[in-house]
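The values are calculated or read from the model by the stated rules, or taken from the named source; none is laboratory data. A quick note: this is a predicted structure, and the numbers were derived from the prediction, not measured. Here the Cβ positions follow ideal geometry from the backbone for every residue, glycine too, while neighbour counts run over all protein chains shown. Ligands, DNA and RNA are excluded from the accessible area calculation, which covers all protein heavy atoms including side chains. Shrake-Rupley method; radii C 1.70, N 1.55, O 1.52, S 1.80 Å.
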Amino acid sequence: MTRIITLASGLLAIATMAAAEDVAPSAVSFADGGAILASLSGMPGDPANGAVVMVDRTKGNCIACHQVTAINADFPGNVGPSLDGAGDRWDESQLRGIVSNAKMTFPDTVMPSFYKNSGYIRPGAAFTGKAPEGDLPPLLTAQEVEDVVAYLATLK
Amino acid sequence: MTRTTSKGVISAAMLSVLASTAGAEIGDKLVVNGDLELTVEAPAPAFMADTGIKTIYSGWLFRDPDTQKIEMDDFDNPGMLYVDQGAEMWNTPAGTSNKSCADCHGDATETMAGVRATYPKWNEAAGVVRSLQGQIEFCRTEHQGAEPWKYAKAEINAMEAFISMQSRGMPVNVAIDGPAQSTWEQGREIYYTRYGQLELSCANCHEQNYDHYIRSDHLSQGQINGFPVYRLKDTQLTTASGRFVGCVRDTRAETFKADSAEFTALELYVASRGNGLSVEGVSVRH
C-alpha cells in the first residue's frame with residue numbers, strides 16, 4: 001500500500017483533502033472513445049485495494065460478471081469478458097473510462113456505470129427497493145475507481 | 001444454447017459446475033411422478049423473431065440436478081403443501097356472503113382446468129388485464145365479501161398454487177392481441193427498460209445473457225411458466241410478480257408493487273414469451 005498513514009488525524013486530513021479534489025461524477029469529461037485522461041481523485045490508485053474492491057459484493061463486485069485468473073475467486077461470472085490481459089488491451093485512461101462509465105466506450109454494454117450518479121430510471125436506495133432520499137453516491141468513490149484501474153493495469 | 005444436456009454442447013463453466021455436483025445429471029426431460037411429461041423446450045413465439053431466441057426453455061433446465069429432481073416427485077416438492085392448503089381454502093366459506101370458492105365454481109379440477117394457462121387475461125367487465133392473483137382478489141372481495149389477501153402473501157399464493165395445479169401440463173397460451181395488446185406492449189416496454197442504479201433491464205440478463213453466469217447463478221430465460229415457484233433459498237412460494245419485485249430491486253431501483261399495473265403488464269408480456277411451454281403447477285427452483 002502506497003498510502004501508509006499512521007496517525008488517525010493525519011488520515012482524516014488526507015481523506016478530506018482527497019475528497020475535495022475529486023472530480024464530481026457529473027463533471028467527468030470523456031475523450032473520444034470513452035477514455036478519462038486524468039485521475040478522478042487527483043491521486044494514484046492503489047492496486048492492492050483495487051483487487052479488494054473488485055471482489056467486495058458491496059463495492060465493485062466485478063467478479064460477479066468477469067473472470068480474473070490472478071484473483072482466483074470461486075465461481076466467477078461470465079456475462080462479461082475475462083479481464084486477464086486487460087492491462088495489455090487498454091491503457092490507464094481507457095480503463096478509467098470503462099470502469100467509470102463503460103457505455104461511453106461500448107454503447108450497448110450491460111455493464112453498470114460505476115462513477116455516475118444521475119440519469120437513472122427509477123433509481124433506488126441501494127437494494128432496499130425504495131426511492132433514495134437525496135442524491136445517490138456513485139457506486140464507487142473516485143479513489144476506488146482509481147484503485148481498480150491501478151489493479152487492472154497490472155493484468156498483463 | 002450451450003446448456004449441458006445429453007444432446008447439447010457443454011460449456012466450460014457448466015463443466016465446472018457439473019464437476020462439483022455429485023449425483024447423476026437429470027437431463028432435459030421433466031417427468032413428474034414418473035408419468036406426466038412437461039414441455040420444457042418449445043419454439044419461440046413468432047413475435048420473438050427479432051430477439052435472437054429461437055427456442056424457449058423452462059427455468060427448470062437451468063437448475064442443478066438435485067433441484068431438478070425435487071420437482072419430479074410431488075412427495076418431494078414442498079410446494080405441494082401449499083396446494084393442499086389452497087384446496088382447503090377452496091372449500092372454506094369466507095366473508096359476508098359466507099360462500100366458498102366451491103359454492104360458485106364447483107369442482108376445481110373441472111372448472112379451473114386451463115385457467116392458469118391463459119392468465120394474465122383481459123377482463124371485459126373491468127376493462128383491464130388481470131393477473132390470476134388480481135382475479136382471485138376480485139372474487140374474494142367482490143363476490144365473497146371478504147377482506148383482501150395481500151398480494152404475494154401466503155394465503156393468496158397458496159390459492160394461486162392450487163388453481164395453477166389444475167392446469168399442470170397444459171401449454172401456456174396467453175392472448176397478446178385484441179384488447180390485451182396495449183397492456184402487452186406496456187409490458188414489453190418495461191421488459192426492455194434499464195432500471196435502477198445498475199441500469200439493467202430484464203432483457204440484459206434473460207434475453208442477451210441467458211445460459212451465462214453471475215457468480216454461480218445460472219441465468220435462465222426468465223420464463224414464468226413454472227410459477228408459482230417454491231424457492232429453496234426462501235423456503236416459501238414466490239409468484240411471478242413477487243419475483244419481479246425482487247429482480248427490479250436488485251438493479252438498485254425503486255421497484256414496483258407486486259399488484260401494480262406495471263407488473264401485471266410485465267407478467268402478461270413475460271408469460272407470452274413462454275407460450276407453448278407447460279404450466280408446471282408449482283415448480284421448484286433454488
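Of note:
- Among B:Pro171, B:Pro78, B:Pro179, the largest mean-square fluctuation in a Gaussian network model of chain B (Cα springs under 10 Å) belongs to B:Pro179.
- Loop trypsin sites (Lys or Arg not before Pro), segment A:80-142 (other Cβ atoms within 10 Å of the site Cβ: 15 or fewer; DSSP): A:Lys130
- For chain B, a Gaussian network of Cα nodes joined below 10 Å ranks B:Gly169, B:Gly196, B:Gly52 by mean-square fluctuation, and the top entry is B:Gly52.
- Of B:Gly281, B:Gly34, B:Gln197, farthest towards positive along the dipole that unit charges on Lys, Arg, Asp, Glu beta carbons give chain B: B:Gln197
- For segment A:21-154, the share of alpha carbon pairs falling in successive 10 Å distance bins from zero is 12, 45, 35, 8, 0 percent.
- Considering only A:Leu140, A:Val68, A:Gly119, and ranking their Cα positions along the charge dipole of chain A that arises from unit charges at the beta-carbon of Lys, Arg, Asp and Glu, the one farthest toward the positive end is A:Gly119.
- Accessible solvent surface per residue of segment B:38-147, calculated while the other protein chains remain in place, 1.4 angstrom probe, Å²: 49
- Inter-chain shielding of A:121-134 (mean C-beta neighbours from other protein chains, 10 Å cut-off): 6
- The residue among A:Val110, A:Tyr151, A:Trp90 whose Cα reaches farthest toward the positive pole of the charge dipole of segment A:21-154, with charges on the beta-carbon of Lys, Arg, Asp and Glu, is A:Val110.
- Taken about its Cα centre, chain B carries a charge dipole of roughly 580 debye when the Cβ of each Lys and Arg holds +1 and the Cβ of each Asp and Glu holds -1.
- Taking amide H positions as modeled 1.01 Å from N, with prolines and chain starts lacking one, the residues under 5 Å from B:Val284 and 5 or more places away or on another chain are B:Tyr230.
- B:Gln236 long-range amide H proximity, modeled H, under 5 Å: B:Arg231
- Inter-label distance, B:Asp84 to B:His143: 2.7 nm, where each label sits 7 Å from its Cα along the C-beta direction.
- Cα-Cα over 21 Å, subset of B:Lys54/B:Lys121; A:Lys59/B:Lys257; B:Lys69/B:Lys153; A:Lys130/B:Lys150; A:Lys59/B:Lys153: B:Lys54/B:Lys121; A:Lys59/B:Lys257; B:Lys69/B:Lys153; A:Lys59/B:Lys153
- For B:Lys150 and A:Ala126, a Förster radius of 25 Å and the Cβ-Cβ distance give a FRET efficiency of 0.50, rounded to the nearest 0.05.
- Given charges at beta-carbon only (K, R positive; D, E negative), |dipole| of the protein assembly as shown in Debye: 360
- For segment A:136-156, residues shielded by at least 50 square angstrom of accessible area compared with the chain on its own, probe 1.4 Å: A:Leu139
- With the convex hull constructed from alpha-carbon coordinates only, the protein assembly as shown shows a mean projected area of 24.6 nm² over all directions.
- The HN-Hα couplings worked out from phi for segment B:223-232 by the Karplus form 6.51 cos²θ - 1.76 cosθ + 1.60 (θ = phi - 60°) are 5, 10, 4, x, 6, x, 10, 8, 9, 4 Hz, whole numbers, x standing for Gly and Pro.
- Exercise: per-residue mean of other protein chain Cβ atoms within 10 Å, B:186-197: 3
- With each label modelled as a point 7 angstrom along the Cα→C-beta vector, the B:Ser216-B:Lys54 pair spans 3.4 nm.
- Within segment B:102-125: backbone nitrogen closer than 19 Å to the B:Asp234 label point (7 Å, Cα to C-beta): B:120
- Sites excluded, chymotrypsin sites (Phe, Trp or Tyr not before Pro) in DSSP loops with at most 15 other C-beta within 10 Å, longest stretch of chain B: B:76-191
- Spatially proximal aspartates and glutamates relative to A:Lys156 (Cα-Cα < 16 Å; intrachain offsets below 8 disregarded): A:Asp84, A:Asp88, A:Asp91, A:Glu92
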